[in-house]
Amino acid sequence: MKVLVIGATGTVGTAVASALEASHQVVKASRSGPVKVNLEVPSSLDALFEELPDLDAVVCCAASGPLVDLVIASDDEIAAGARGKLLGQVALARRAVRHLRDGGSVTLTGGTFAAPLTGGSLGALINTGLEGFVRNAAGELPRNLRINLISPGWIKETLENMGMDSADGTPVSEVARVYVEAVEGTAQGQTMRP
């Protein structure tokens, strides 16, 4: 398969691209790589799909959302926080559906955590929105296309890089395995967790 991995320079994206390269042709895209894309710039998504025909799968590992103080954050900060991770991934999925080969798949990234997180209300809104979007979009997709969401939780290596206790983190190799399962498997409309 020909698989596009967006966010291929980050911790998760690098691991996912590497895991997929064992069996597939992988095209790596990011804001800074040779194949450029920015989820917050719709025209960059359009240009990306014009440049890359005949894709079998699109995997987005680029999405991140800020921690914001719900009480003092402005409406503009809330809107900006939702723009990339929520609206950017929705825009990506909508374009991918028009360009993927029959039977192809889209895999997005969420991140809902089990316990409340200080500053995480915006993230909870975004991630819950993504789960609902994927669940419903699965029933609307034509041509046997599939869409799923990966909710990796805390990544062990990210916690280590932040100087935090990584005991509750999931190794990035295990997270990458779930992305590969989403691309190669038959899941449809699911939120998958390592």
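Spot the failing condition for Ala79; the list is (1) under 28 Å from Gly123 (Cα atoms); (2) exposed (fewer than 15 other Cβ atoms within 10 Å of the Cβ); (3) modelled with pLDDT of 95 or more; (4) not β-branched (Val, Ile, Thr), and only one is missed.
(3)
List pairs: first residue in segment 99-120 and without any contact (Cβ under 8 Å) to a residue 12 or more places away in the chain, second residue open to solvent by 40 Å² or more (accessible area, probe 1.4 Å) and hydrophobic (A, V, I, L, M, F, W, C) anywhere in the structure, Cβ distance under 9 angstrom, at least six positions apart or on different chains.
Short answer, once both residue conditions are applied: Pro116/Ala124.
Can you tell me which residue in segment 152-164 is most open to solvent (accessible area, probe 1.4 Å), limited to those that are more than 12 Å from Val12 (Cβ to Cβ) and assigned to a loop (DSSP other than H, G, I, E, B)? Steps first, answer last, please.
Filtering segment 152-164 for residues more than 12 Å from Val12 (Cβ to Cβ) gives 159-164.
When the remaining residues are screened for being assigned to a loop (DSSP other than H, G, I, E, B), the result is 162-164.
Details: Met162: 108, Gly163: 69, Met164: 92 Å².
Among residues in segment 152-164 that are more than 12 Å from Val12 (Cβ to Cβ) and assigned to a loop (DSSP other than H, G, I, E, B), the one most open to solvent (accessible area, probe 1.4 Å) is Met162.
Being farther than 13 Å from Ala62 by Cβ, in contact with a strand residue (DSSP E or B) (Cβ under 9 Å, 6 or more places away or on another chain) and part of a strand (DSSP E or B) is the filter here; which residues of segment 85-108 pass it?
Once the filter is applied, which keeps residues that are farther than 13 Å from Ala62 by Cβ, in contact with a strand residue (DSSP E or B) (Cβ under 9 Å, 6 or more places away or on another chain) and part of a strand (DSSP E or B), segment 85-108 yields Leu100, Arg101, Gly103, Gly104, Ser105, Val106.
Hey, any hits in segment 165-188 for a residue that's under 24 Å from Leu45 (Cα atoms), within 17 Å of the chain's Cα centre (by Cα), of a type outside the set (Asp, Glu) and open to solvent by 30 Å² or more (accessible area, probe 1.4 Å)?
The answer is yes; a qualifying residue exists.
If I go through segment 15-35 residue by residue, how many of them are part of a strand (DSSP E or B) and open to solvent by less than 40 Å² (accessible area, probe 1.4 Å)?
Going through segment 15-35 one residue at a time, the tally reaches 4.
From (1) farther than 23 Å from Trp154 by Cβ; (2) open to solvent by 70 Å² or more (accessible area, probe 1.4 Å), pick out the condition that doesn't hold for Ser64.
With (1) farther than 23 Å from Trp154 by Cβ; (2) open to solvent by 70 Å² or more (accessible area, probe 1.4 Å) applied to Ser64, the lone miss is (1).
Among all residue pairs at least 6 apart or on different chains, which show Cβ distances below 9 Å where the first residue, located in segment 36-63, is part of a helix (DSSP H, G or I) and the second is small (Gly, Ala, Ser)?
Final answer for the pair search is Pro42/Gly88; Pro42/Ala91; Leu45/Gly88; Leu45/Ala91; Leu45/Ala96; Leu48/Ala29; Phe49/Ala96.
Which of the residues spanning segment 109-130 are part of a helix (DSSP H, G or I) and surrounded by fewer than 18 Cβ atoms within 10 Å (Cβ to Cβ)? Steps first, answer last, please.
Step one: of segment 109-130, the residues part of a helix (DSSP H, G or I) are 121-130.
Residues satisfying the conditions are Ser121, Ala124, Leu125, Thr128, Gly129.
Return yes when Val12 is in a helix (DSSP H, G or I), within 28 Å of Glu157 (Cα to Cα) and open to solvent by 10 Å² or more (accessible area, probe 1.4 Å) and no when it is not.
In short, yes.
In segment 37-61, which residues are open to solvent by 80 Å² or more (accessible area, probe 1.4 Å) and under 25 Å from Val178 (Cα atoms)?
Asp54
Show the residue pairs meeting these rules: Cβ distance below 7 Å; 6+ apart or different chains; first residue within segment 125-146 and touching a residue at least 24 places away in the same chain (Cβ under 8 Å) and within 17 Å of Ala96 (Cβ to Cβ); second residue of a type in the set (S, T, N, Q) and in a loop (DSSP other than H, G, I, E, B).
Ala138/Gln188; Arg146/Gln188
In the list Arg177, Arg135, Arg146, which residue meets the criterion of being closer than 19 Å to Ser18 by Cβ and at pLDDT 95 or above?
Numbers: Arg135 fails: closer than 19 Å to Ser18 by Cβ; Arg146 fails: closer than 19 Å to Ser18 by Cβ.
Arg177 is the lone residue from the list that is closer than 19 Å to Ser18 by Cβ and at pLDDT 95 or above.
The values are calculated or read from the model by the stated rules, or taken from the named source; none is laboratory data. All of these numbers come straight from a predicted model, not from anything done at the bench. Ideal geometry is used to build each Cβ from the backbone, glycine not excepted, and the neighbour counts take in all protein chains shown. These area figures cover heavy atoms from the full protein model, side chains too; ligands, DNA and RNA do not enter into them. Shrake-Rupley method; radii C 1.70, N 1.55, O 1.52, S 1.80 Å.
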